[in-house]
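Working notes, beginning with the structure itself.
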Amino acid sequence: MRPTHDDPGDGPHSAAWELLLPAASAPARTRGRALQAALREAVRTGRLAPGTRLPSSRDLAADLGVSRGLVTEAYEQLTAEGYLRSGRGAGTWVGAAARAARPRADDLAPRTPGARVDFVPGTPDLALFPRSAWAAAQRAVLADLPHQDLGYPDPRGLPRLRVALAELLARRRGVVADPERIVVVSGVAQATALLGCALHARGLRSIAVENPGSPQHEALYAAAGVTPVPVPVDGEGIAPGALRASGVRAVVTTPAHQFPTGIAYTARRRAELLDWAREVDGLVLEDDYDGDFRYDRAPVGALQGLDPDHVAYTGSVSKSLAPGLRLGWLLVPESWAADVVERKRTMDLGHPSLDQAVFARFLERGDYDRQLRRCQRAYRERRDALVAALDEHFPGSSVSGIAAGLHVIAALPRRHGPEERFLGRVTAAGVAVRPLSAYTHRPDEDPGAQEVRLVLGYAHVPPARIAEGVRLMARAAGG
């Protein structure tokens, strides 16, 4: 439509008719809304430019073959919203308030674009998600869920799910699980944020984090106003002397399978960690992110079972089902429960009820146990395939850490260094990897160090692709 500041003439009448004709053809009961939407969109996109004079309601109604009242109502509605302006006896004009919005929806989900084989750790095999069993649980829940359960839920979670989680965690992980102290959360990230806020509210401004460790812990606590303090991890776990010297009263740990080193905390180190927590009346956050996956023996029980008054325990379905479900749990000491629950309430008013009810049924019927067994078989096979491929293509390499979880630490022979050159070559070959140094707080580390130590995730890579990826790495490295 051509902008004009004078007599509208035939051009604006004709253009308006063309813009709005589809709306005029809408069913009678929706025609008014369709006309308003078409006018609104024409102004937003600039097809009706600011300052354009619109036809009179009588003329536009005649052009479109609709009632004059329909056009008058549309003009009045858009004038009230600021899209149009009008004056008595002066006609109706396009206002200057609206600005066109760019129609885009970027995908910010973490991806590794262009990689032929992706060994970046942290992702399970999403193809293992039990779609049929989950869909059956959804249908059953929708058929049986009481109407009141669709209201605002208990911020801790549906009682049915908290009871089922308490049974699961006590049975599989040796947790002292009181359903009254379980909070259903949208993954370990929210559990971390909740505890960070609770720590800050009690005047604690720092928390120890494992070094090396997950960078997500640092960012989440920093966002809550709590400063992460890196404390070194040795072959037994977090170093107790350095922990005491840090002066903190809270620490986040991964004792069942430390990320990324792959060790399990020894019994002695577990006892020392709990002694420290009792001495300073502190809090240990136990992130049991892949504690169910142990391939050489039964998993070591959770640290929380030894001292539920000083250990908060968190986990999720991100490695066993799918991270996109955003389902997890936080079990807090009694003295922290009220603070954490109140922050959960103000943060989001509770987790979605339907998702909770579906997961509760999934637990109650044994579907979750079956899924864990299925994942365990697949991931053990893939770990074995990765170790065998490294032995074949990188003779002299070593894999450290326990046989557990979704990643390994691979130390390659020094001839493949320095690390920076190796990473450049394998990336160019289309293989995505992360070095151990990416998870370590060592700002003075020599970037040209000869040793190459990789954190290789394998759970999401089929065995044949694992072999191909290691072969490509070896070829790129000149191995």
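The values are calculated or read from the model by the stated rules, or taken from the named source; none is laboratory data. All values derive from a computational prediction rather than experimental measurement. Note: ideal-geometry Cβ built from the backbone for every residue, glycine included; neighbour counts use all protein chains shown. To get the accessible areas, we keep the full protein, side chains included, count just its heavy atoms, and leave off ligands, DNA and RNA. Shrake-Rupley method; radii C 1.70, N 1.55, O 1.52, S 1.80 Å.
In segment 244-265, what residues are open to solvent by 40 Å² or more (accessible area, probe 1.4 Å) and either without any contact (Cβ under 8 Å) to a residue 24 or more places away in the chain or touching an Asp or Glu at 6+ places or on another chain (Cβ under 9 Å) (or both)?
Listed by number, the residues that qualify are 244, 245, 249.
For segment 177-209, give me the residue count where each residue is among the hydroxyl-bearing types (Ser, Thr, Tyr) and part of a loop (DSSP other than H, G, I, E, B).
Residues in segment 177-209 being among the hydroxyl-bearing types (Ser, Thr, Tyr) and part of a loop (DSSP other than H, G, I, E, B): 1 in total.
Kindly indicate which of 237, 174, 241 is surrounded by fewer than 19 Cβ atoms within 10 Å (Cβ to Cβ) and on the phi > 0 side of the Ramachandran plot.
Values: 237 fails: surrounded by fewer than 19 Cβ atoms within 10 Å (Cβ to Cβ); 241 fails: on the phi > 0 side of the Ramachandran plot.
Exactly one residue qualifies, and that residue is 174.
Would you point out the residue of segment 132-146, among those that are at pLDDT below 95 and loosely packed, with under 11 Cβ neighbours inside 10 Å, that is nearest to residue 368 (Cα to Cα)?
My answer is 144.
Can you pull out every residue in segment 373-400 that is open to solvent by less than 30 Å² (accessible area, probe 1.4 Å) and in contact with a helix residue (DSSP H, G or I) (Cβ under 8 Å, 6 or more places away or on another chain)?
Once the filter is applied, which keeps residues that are open to solvent by less than 30 Å² (accessible area, probe 1.4 Å) and in contact with a helix residue (DSSP H, G or I) (Cβ under 8 Å, 6 or more places away or on another chain), segment 373-400 yields 375, 378, 382, 385, 386, 389, 390, 394, 397.
Could you grab the pairs with beta carbons closer than 6 Å, sequence gap of 6+ or different chains, first residue in segment 20-48 and among the basic types (Lys, Arg) and modelled with pLDDT of 90 or more, second one open to solvent by 50 Å² or more (accessible area, probe 1.4 Å) and outside any helix (DSSP H, G or I)?
Matching pairs, first to second residue: none at all.
Could you check segment 308-324 and list, in sequence order, the residues that are more than 14 Å from residue 169 (Cβ to Cβ) and either among the polar types (S, T, N, Q) or surrounded by fewer than 18 Cβ atoms within 10 Å (Cβ to Cβ) (or both)? Steps first, answer last, please.
Going residue by residue through segment 308-324, those that are more than 14 Å from residue 169 (Cβ to Cβ) are 309-310, 318-319, 321-324.
Residues satisfying the conditions are 309, 318, 324.
Given the options 115, 98, name the one that is part of a loop (DSSP other than H, G, I, E, B), open to solvent by less than 40 Å² (accessible area, probe 1.4 Å), under 28 Å from residue 457 (Cβ atoms) and modelled with pLDDT under 90. Give the steps one after another, and end with the answer.
Details: 98 fails: under 28 Å from residue 457 (Cβ atoms).
That would be 115, the only listed residue that is part of a loop (DSSP other than H, G, I, E, B), open to solvent by less than 40 Å² (accessible area, probe 1.4 Å), under 28 Å from residue 457 (Cβ atoms) and modelled with pLDDT under 90.
For segment 383-404, indicate whether the set of residues that are within 28 Å of residue 250 (Cβ to Cβ) and small (Gly, Ala, Ser) is non-empty. Step through it out loud before you land on a result.
First pass over segment 383-404, keeping only residues within 28 Å of residue 250 (Cβ to Cβ): 401-402, 404.
This time we only want the ones that are small (Gly, Ala, Ser), so: 401, 404.
For segment 383-404, residues within 28 Å of residue 250 (Cβ to Cβ) and small (Gly, Ala, Ser): present.
Scan segment 270-290 for residues that are under 19 Å from residue 404 (Cα atoms) and open to solvent by 10 Å² or more (accessible area, probe 1.4 Å) and jot them down.
Kept after step one, since they are under 19 Å from residue 404 (Cα atoms), are these residues of segment 270-290: 270, 286-290.
Those that are under 19 Å from residue 404 (Cα atoms) and open to solvent by 10 Å² or more (accessible area, probe 1.4 Å): 270, 287, 288, 289.
Among the listed residues 271, 222, 267, identify the single one that is small (Gly, Ala, Ser) and over 18 Å from residue 305 (Cβ atoms).
Values: 271 fails: over 18 Å from residue 305 (Cβ atoms); 267 fails: over 18 Å from residue 305 (Cβ atoms).
Among 271, 222, 267, only 222 is small (Gly, Ala, Ser) and over 18 Å from residue 305 (Cβ atoms).
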